[in-house]
Amino acid sequence: MLRRSFPFATSASHRKIRWRIIWLGLLLIPFNNYWVFASLRWDQGFPTTMSLFFNTIFALAVLIALNTALHRFAPRAALTQGELLTLYAMLSVASAICGHDLFEVIITNIATVGWLATEENEWSTLFHRYIPDWLALTDKNKLTVYFTGESSLYLQPHLQMWWKPTLAWSGFIIVLLSTTFCINVILRRQWIEVERLSYPIIELPYQMTTARFFRSKPLWVGIILAGGIDVVNGLHFLFPNFPGLGGEFYDLRPLFTTKPWNAIGWTPIVFFPFVIGMAYFIPLDLSFTFWFFYIFWKFEMIFGSIAGLQRIPGFPFIFDQSFGVCVGVLGMALWSARHHLRDVLRQAWRGKKEKAAKEPISYRAAVLGLIGGFLLLAGFWWMAGMSLWVAVLVFAIHLTTVTVITRVRAELGPPIHDLRSMGPDVLLPKIFGMRRLGGQNLALFSLVFCFNRAYRGNTMPHQLEGLKLAERSRSSPRRIAIAMFLAMVLSPFAAFWGALHIGYESGAIEVWSGSVFNRTQNWLTNPMPVNIPSVIAMVCGLLFAFGLTLIRLRFFWWPLYPIGYAISGTWAVNFFWFSVFISYFIKLAILRFGGIQTFRRVAPFFLGLILGEFLVGSVWGLLGIFLEKPMYRFIW
């Protein structure tokens, strides 16, 4: 990491986070959420599909520029480092809630379940009766104006139609994220103070708020290089005769046309400056794990072709193996934290506050919040019609997955972690069979999909990273926790407002929902039994995680981490593996031939690669939203 710089203000009084800053953050959230959803509506990239949200980095850069002027002309009104990071944490939490893998899926699913229903697909007769009206809208006639546009949200019939789903889903999101926050409080000390995990993803926002950051010449070289590429490519997008600077995908698959090598599937090579920058701050053996296991998965498919295993539906069971690995990783992490967890339970039982003094809430409140939140979540879906035992398993799986992602970001800091098709809506039918679950549960799984489609922009890691930023900037963890909680409360309502305002004005979008409800249709008309190969793959993934962990404990030099196996098999890694590969060898060369001092000296250049691409990419995206027409996108 970079050598510590001096913050904007260093006195203890200036490390306090003023309430007016929190109110400023709440004021910014509706605009932020509108930007996130409008990016989807007008196809301007997806800010929340990466580990580090480019919209929040852009907002932080603008705030820092304004704060610099305040510092010169009105020093007392200027924001401290802790206050800037509080605003960043609030916007990150709000963006995750409004983002590509939570609210954007919710708002499309709860409307298209009725809008896309036809006599041919028979959705209305197959499963509409299983879905309560306070969770989704099934009246196609009332949805016409929403999908065609040229109307207004602010009409009484429209407001009346949406108030139940808005309250139900917003309340559910608030309880879900409050529960994950309680888990973060329980694990914070172990992961931040005891194990001292590196949290590479927050290196850029933290360094941006230090006084000397923007004085670095290597930083500006990185900004100009990455930003310049996107400026040129943006002009090439608008004026095709203007020369571009690459950015196209080169697929290796056409090079392998004979068996068994043609089993590798889609293997793109593409260059992303911001990924190279982010991977520079990943520990070296972890970045090696990231790209090594991507290639390992390819060889697994080649082996399957040789052995004839590809004829087995679902082979090589990437998502099932990955879930098993996640369970193993969480199990080992909790085992390592067993002494801390015992202290947490003891203090929660006795009400003592010895080691909980640095926590935003007491351990007793965190433990009770976790238990109460879990019961409320299961009860919510039981009221919707789900079997109670199924609801319990849904949130056991969900909380396991998001806790693993939080750990992965803290330790590895990958540029992406989608873990697609690993939600309880996918796993439970494989484990128990569809007849055992029944039509009611299978139908409601189409809505469980809304918060389990993928986990790229999951909120839980951003909560813990906010607490890490508070610790690193020596700010009040309680005040930043309050700020994030208020952002969690406001953001779902702001997201509904932005999406519905855009929908009634310009027409809503129809993404994802067709596939998930077609899946429900297939399940109900052709229920499948327990998927034995998938269950075996989950167990194999679990054993593989334990095995790799034991090898690392026995041989300190062993470079492979089990979680890299799970992350590297996901779809989005196809885009990023080669950039991580490049960054790994750059960092290896710097450390081997220049040492740690050279690594620190050139680190601002790699931060500049991230910042330059995010700033210019955000400008292109905002321009596209303003003009309501496609513009250049540096990603996806």
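Remarks
- Any pair with Cβ under 8 angstrom, 6 or more apart, that starts in segment 298-314 at a residue that is in contact (Cβ under 8 Å) with a residue 12 or more places away in the chain and more than 17 Å from residue 537 (Cβ to Cβ) and ends at one that is assigned to a helix (DSSP H, G or I) and not aliphatic (A, V, I, L, M): 302/261; 305/262
- In the set 194, 185, 221, only one residue is modelled with pLDDT of 95 or more and surrounded by fewer than 17 Cβ atoms within 10 Å (Cβ to Cβ); that residue is 221.
- Odd one out for residue 473, checked against (1) in contact with a strand residue (DSSP E or B) (Cβ under 8 Å, 6 or more places away or on another chain); (2) closer than 26 Å to residue 145 by Cα: (2)
- Selection of segment 63-79 for residues being of a type in the set (A, V, I, L, M) and without any contact (Cβ under 8 Å) to a residue 24 or more places away in the chain yields 65, 66, 69, 70, 74, 77.
- Within segment 353-366, the set of residues being modelled with pLDDT of 90 or more, among the aliphatic types (A, V, I, L, M) and crowded, with 20+ Cβ neighbours inside 10 Å comprises 366 only.
- Those residues of segment 207-218 which are surrounded by fewer than 21 Cβ atoms within 10 Å (Cβ to Cβ) and of a type in the set (Val, Ile, Thr), in sequence order: 210
- Matching option when the condition is touching a Phe, Trp or Tyr at 6+ places or on another chain (Cβ under 9 Å), under 21 Å from residue 414 (Cβ atoms) and either charged (D, E, K, R) or not in a helix (DSSP H, G or I) (or both), among 281, 296: 281
- Residue selected from segment 145-182 under the condition within 13 Å of residue 377 (Cα to Cα) and small (Gly, Ala, Ser), by the criterion surrounded by the most Cβ atoms within 10 Å (Cβ to Cβ): 170
- When residue 549 is tested against (1) part of a helix (DSSP H, G or I); (2) hydroxyl-bearing (Ser, Thr, Tyr); (3) closer than 30 Å to residue 116 by Cα, just one condition goes unmet, and that condition is (3).
Okay, residues lined up against (1) touching a residue at least 24 places away in the same chain (Cβ under 8 Å); (2) closer than 20 Å to residue 321 by Cβ; (3) of a type outside the set (Val, Ile, Thr):
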site: 563; (1), (2), (3): yes, yes, no
site: 566; (1), (2), (3): yes, yes, yes
site: 570; (1), (2), (3): yes, yes, no
site: 574; (1), (2), (3): yes, yes, yes
site: 579; (1), (2), (3): yes, no, yes
site: 592; (1), (2), (3): no, no, yes
site: 595; (1), (2), (3): no, no, yes
site: 603; (1), (2), (3): yes, no, yes
site: 607; (1), (2), (3): yes, no, yes
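Conditions (1) in contact (Cβ under 8 Å) with a residue 40 or more places away in the chain; (2) under 20 Å from residue 53 (Cβ atoms); (3) among the hydrophobic types (A, V, I, L, M, F, W, C), marked per residue:
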residue: 204; (1), (2), (3): yes, yes, yes
residue: 207; (1), (2), (3): yes, yes, no
residue: 221; (1), (2), (3): yes, no, yes
residue: 229; (1), (2), (3): yes, no, yes
residue: 241; (1), (2), (3): no, no, no
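- Check on residue 570, hydroxyl-bearing (Ser, Thr, Tyr) and outside any loop (DSSP other than H, G, I, E, B): no
- Applying the criterion of being assigned to a loop (DSSP other than H, G, I, E, B) and among the small types (Gly, Ala, Ser) to the residues of segment 224-248, the residue that is surrounded by the fewest Cβ atoms within 10 Å (Cβ to Cβ) is 246.
- Residues that are among the basic types (Lys, Arg) and farther than 21 Å from residue 422 by Cβ number at least 3 in the following helices (runs of 4 or more DSSP H) confined to segment 304-389: 338-350.
The values are calculated or read from the model by the stated rules, or taken from the named source; none is laboratory data. Model, not experiment: these values are computed from the prediction. Don't worry about glycine lacking a Cβ; one is built from the backbone with ideal geometry, like all the others, and counts go over all protein chains shown.
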